[in-house]
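What follows is a set of notes on a single structure, which appears directly below.
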Amino acid sequence: MKIVQLANFYTPVSGGLRTCVEQTGRGYVAAGHERITLVPGTEDRDIVLPDGRHLTVRSPLLPGSGGYRVLTARTKVCRLLDMVGPDVLEANDKLSIGWLSPWARSRGVPLVLVSHERINAILRTRVPRWFPLDSAATAINRRLHRLVDHIVLTSAFSAAEFSAFEPVKTHRVPLGVDLDTFRPVPRTGGEQVRLVTVSRLSTEKHPDLSVAALRELRRRGIPATLDVIGTGPNLRKLERLADGLPVRFLGHVADRRRLAGLVAGADVSLSPSPAETFGLATLESLACGVPVVVPGKGAAGELLLRPDSGRVTDGTPKGLADGVESLLDVPAERRQADARAVAEQFPWSATVDGLLEVFGAATGRRQPVP
């Protein structure tokens, strides 16, 4: 099967979306399929690597996005799709569905949307309070549901925005984690409580809440520090907010093993975003044996499947601080064991198998049973 993975918002400093495309794409190749990525970039490129063929289309920056680019050269993209002739087209964002759908239907190519964002959650911080966001999101999702052949949803939170529509098109496929790279390290102890946040530094991710939670913990006399890993348009604002606090801004960490080491060295991870449709950074923390404190809104709480793998809170700075304190009362060995045990339920191989099953149904092909 020839699979094209198309994605906007795909840059060298992208987070979960890029990780998902790369990990599943390698899985497709390992399973014997042909894999092509088609993404925006600074120039047109066509290169072949061991993990597949990579097509980049010169595309403009999206204003205010912190470096994201968007495929706007529709004719060029459709010409490239005609050139490679996919058996299935996997779209990893909702922005291009409107013009990809006519191409796919005219060629008889199944179009599968992998939903990485929930529209009303991602836009809630970007529209006025009076704007009818939920009804607008429902209208957009109704159109998306009509235009695609299948929709892959990674969590119950993600699936909720399509629950009112015909379910035959929707499929639940959780994401995964690299259990070899992200793994526990021996605990060194120490007086300080090390916190970590891995996040894009943008408004909808609410990284400011991690800084505010640290301030609350320090006010309570807890000697906590915070590592913030990631970059984004709100970096300078966060640096000002953290003035006087023991916060290290480490930027984007491209080396996955270095990232894993930084996360594994923490006592507790904070994932404050209420808009996560899965929580890949949350799962990577759990794989490192680091429990996670999350808000009740969003999908990250769905991952806390063992009692001491983390705490679900109200998402306020006080609530996040309460969650950290509660976890610190649990022996470190038990926290680490519960966190790792959860992550081991989510290997990338299971995600790849789930996606290939959807593709097989879309193309009328059954995947061989291992």
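Each part reduced to its alpha carbon centroid, the stretch 162-220 and the stretch 24-55 end up 28 Å apart.
Residues 115, 96, ranked from the fewest to the most other C-beta atoms within 10 Å, line up as 96, 115. Per-peptide packing, taken as the mean over residues of other Cβ atoms within 10 Å, places 219-226, 305-312 in the sequence 305-312, 219-226 from highest down. Mean-square fluctuations from a GNM of the chain, with a 10 angstrom spring cutoff on Cα atoms, peak among 175, 303, 55 at 55.
Within the straight-line cut-off of under 17 Å between alpha carbons, the lysines reachable from residue 169 are 94, sequence neighbours fewer than 8 places apart in one chain being disregarded. Counting every other Cβ atom within 10 Å of each residue's Cβ, 37, 170 order from fewest to most as 170, 37. By the count of other C-beta atoms within 10 Å, a proxy for reagent exposure, 126, 218 are ordered fewest to most as 126, 218.
Every number here is computed from the coordinates shown, using simple stated rules; none is lab data. Everything quoted here is computed from the prediction, not taken from an experiment. FYI the Cβ positions are ideal-geometry reconstructions off the backbone, even for glycines, and counts take in every protein chain you see.
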